[in-house]
Amino acid sequence: PQFGHLPLLLNKDGSKLSKRQGDIFIEQFAKSGHLPEALLDIITNCGSGFAENRMGRKLEELIAEFDVSRIITHSSLLDLTKLPEFNRIHLAQQLEDDSKRQMVVHQLQSHVEEIYHGKLLDHDVLRKEYVENVLLLRKGHINFLKDLVSPSYSYLWVRPTVSRKQLQKLSSELDKIGGLVLGLLQSQNIAMSTDVLNKELKNLQEQVKETKYSTMMKLLRLALSGQEQGPSVAEMMISLGPKEVCARIETVLKS
């Protein structure tokens, strides 16, 4: 047999990896939501043995592309600040695979039940179709699955508390804007895609006298999510679905 001595794997600053760091245990990475594929990818990416380094290699690709003659003798630096990006790529890959996507759907359903237990007024948000749609819309935008149960995405699972007064501070044309959006979504001819909705929303804004498009989007985002930032209003509408969007707008208008 032939034996080889692999070079050391060091911290980004050149210091040795140590158990005293506390955050380099496999259990800690798993608890934080890091995928095994992402961890394997970043370790092999910062090392040697490959003709080129690239992110997102799967196990089969790592095996096929590995060349022992390309292993170098100097130590490799492990930059764990890049791990979330590796995780984002491998999470997106899982969502592109039909069988793995179903596993992720189940995991997210469990996370939602755990985090929002007792707050779910409508358990339809736990339906496979709804959860899967949310995952596909946010694919490539989230680093970790648990991001989708953070406060920033709470609007996906529970209705926000937004008052009419809050929205009227943005525009005195609240009722007209709300009525136009309700009419749009209640139309049988509207196709629920981001491109179509963005175009239709711009057309609606042209029917409003004093409210700019950016302000109108800010108003609708606040009405739907209770937040000033987040995904586009069109994406929010597709995620929530026409029925829920209408319900949220009607609730604000009546408040």
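The values are calculated or read from the model by the stated rules, or taken from the named source; none is laboratory data. Because the structure is predicted, anything quoted here is derived from the model rather than measured. Positions of Cβ are backbone-derived with ideal geometry, glycine not excepted, and every protein chain shown enters the neighbour counts. Surface areas here come from the heavy atoms of the whole protein model, side chains and all, with no ligands, DNA or RNA. Shrake-Rupley method; radii C 1.70, N 1.55, O 1.52, S 1.80 Å.
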Protein accessible area in the chain, 1.4 Å probe - carbon and sulfur %: 52
In nm, spacing of pseudo-spin labels at K58 and E129 (7 Å Cα→C-beta vector): 2.9
In sequence order, calculated HN-Hα J values of segment 112-129 (Karplus, 6.51, -1.76, 1.60; Hz; x Gly/Pro): 5, 4, 5, 6, 10, 4, x, 9, 6, 7, 10, 6, 4, 5, 9, 4, 3, 5
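Between K12 and R70, what length comes free when the chain is fully extended (0.36 nm per residue of separation minus the Cα-Cα distance, one decimal in nm)?
Details: separation 58, 0.36 × 58 = 20.88 nm, distance 2.18 nm.
Value of the extension gain: 18.7 nm.
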Using θ = phi - 60° and Karplus 6.51 cos²θ - 1.76 cosθ + 1.60, couplings along segment 201-210 (whole Hz; Gly, Pro as x): 5, 5, 5, 5, 4, 5, 8, 9, 7, 10
Proximal lysines to K165, defined as alpha-carbon separation beneath 23 angstrom and excluding residues fewer than eight positions away on the same chain: K176, K209, K212, K218, K254
Residues whose placed amide H lies under 5 Å from that of L78, excluding near-sequence neighbours: L10, N11, K12
Unit charges at the beta carbon, dipole of the chain: most positive-side option, L9, M192, S152: S152
In order through segment 35-52: 3J(HN,Hα) via Karplus (6.51 cos²θ - 1.76 cosθ + 1.60), integer Hz, x for Gly, Pro: 7, x, 5, 5, 5, 5, 5, 5, 5, 6, 5, 7, x, 9, x, 10, 5, 8
Pairwise centroid distance, computed over Cα atoms, of segment 41-106 with segment 157-198, Å: 42
Share of alpha-carbon pairs per 5 Å distance bin for segment 1-151, given as whole %: 1, 8, 15, 18, 16, 13, 10, 8, 5, 3, 1, 1, 0
Unit charges at the beta carbon, dipole of segment 32-122: most positive-side option, A64, P84, V104: P84
C-alpha center-to-center spacing [segment 120-143, segment 212-245] in angstrom: 16
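Size of the dipole of the chain about the Cα centre, Lys and Arg at +1 and Asp and Glu at -1 on the beta carbon, nothing else charged, in debye to 20?
860
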Charge tally in the Cβ shell below 13 Å around L10, where Lys, Arg are +1 and Asp, Glu are -1, L10 excluded: 0
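Give the Kirkwood hydrodynamic radius (Å, one decimal) of segment 103-179, defined as one over the mean of 1/r across all pairs of different Cα atoms.
When all Cα pairs of segment 103-179 are included, the Kirkwood radius is 14.2 Å.
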Per principal axis, descending, Cα span of the chain in whole Å: 78, 37, 36
Additional length obtainable on full extension of the chain from K119 to S163, 0.36 nm per residue less Cα span: 13.9 nm
Hull shadow area, averaged, segment 206-246 [alpha-carbon convex hull, nm²]: 3.1
Pairs beyond 31 Å (Cα-Cα), from K31/K58; K58/K119; K12/K58: K58/K119
GNM flexibility winner over the chain from N133, N87, N11 (Cα, springs under 10 Å): N11
Cα-derived Rg to Rh of segment 29-96, Kirkwood definition: 0.98
F25-M103 FRET efficiency (beta carbon distance; Förster radius 30 Å; 0.05 resolution): 0.80
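Probe of 1.4 angstrom, ligands and nucleic acids ignored: what's the accessible area per residue over the chain, in square angstrom?
On the way: 15020 Å² over 255 residues.
Heavy-atom accessible area per residue stands at 59 Å².
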The chain - percent relative contact order, Cα under 8 Å, separation 6 or more: 16
Per-peptide average of other Cβ atoms within 10 Å, ordering 221-234, 47-60 highest first: 221-234, 47-60
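If you take every residue apart from Y116 with its C-beta less than 14 Å away from the C-beta of Y116, what net charge results, scoring Lys and Arg +1 and Asp and Glu -1?
Combined, the nearby Lys, Arg, Asp and Glu give -1.
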